[in-house]
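Only the coordinates and a few stated rules stand behind these numbers; no lab work does. This one's a predicted model, so the numbers in the text were calculated from it and none came from an experiment. Positions of Cβ are backbone-derived with ideal geometry, glycine not excepted, and every protein chain shown enters the neighbour counts.
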Amino acid sequence: MNKRVIAIAVAASVVIVGIWYFGVNSHQSKSIKQANAAAAAADAQASSLRSQIAVLQREKTQLPSTQAKLAALKLALPDTPALDKLVDDINAAAAQAGVDWQTVSPTKPATFAGTGQSLSSTNVGGAQSVTVALQVNGSVHQILDFVTRLNTLSRLLDVTSINLASGAAKPTAQLTTQIFFVPSSTGPATTPAAATP
C-alpha cells in the first residue's frame, strides 16, 4: 500500500513539474526572450539616435561657416543683374587703380549655357549672364592693377578680353567682362541701360 501511495505521489509530482515547466516556465521563458529582443531593439534605436545627435551637433558647429559661405555666394551671384552695385564696385576699383574709366555698356541678360556652348543650349542652373563692356584710360600698370581688382570683387565678374590701344598720352583699354545672376523667379529679366561714370 505504501509503495502504491509513493508511486502515485511520484507520478503526481512529475505531472505537476511538467505542468509548471510547460506552463509557467515556458511562458516566462518566452516573455524573457521577448523582453531581450525589445531591449536589443531599444539599444539599437538609442545608438542610432546618438549618431543622429552627433551629426546634428557637428552641423550646428558648422552652421556659421555655412551661412557665411551662402552670404558670399549671394554676393557673387545675386538674383538680379544689380548693375547699380556693380557700377559702384567698378568705380571703386578704378579709383584704387588710378585709371579713368569712360563708359560701361551692359547688354541684355541672356541664358548662360557654359563655356563653348551656344546660348540656345540647356540653361546652367537657371543662371543668366550680362556682357559688360568697359573703356578705361591709364598706364599699362594701372590697367593691369584695375583688371586684378575686378577679379577680386565680391561679385562674380569674368574678364573675357582686353584690347589695349596706345599712341595717346595714356593708353586706352577696351575690356569685355561678363557678370552672372540667378533669377529667383521665372519672369523676364529687365534690360540694363548703358551707364557712364
R0 of 45 Å, Cβ-Cβ distance Ile32-Ile53: FRET efficiency to nearest 0.05:
0.90
Which ³J(HN,Hα) values in Hz, rounded to whole numbers, follow from the phi angles of segment 85-94 under the Karplus curve 6.51 cos²θ - 1.76 cosθ + 1.60, where θ = phi - 60° and Gly and Pro get x?
5, 4, 4, 4, 5, 5, 4, 5, 5, 5
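What does the charge count around Ala127 come to, taking other residues whose C-beta lies under 14 Å from its C-beta (Lys +1, Arg +1, Asp -1, Glu -1)? If you can, show how the numbers build up before the last one.
Values: positive: Lys74, Arg155; negative: Asp79, Asp158.
Once positives and negatives cancel, what remains is 0.
Please give me the summed charge of the neighbours of Thr177: other residues whose Cβ is under 11 Å from its Cβ, Lys and Arg +1, Asp and Glu -1.
On the way: positive: Arg155; negative: Asp158.
Summing Lys/Arg as +1 and Asp/Glu as -1 gives 0.
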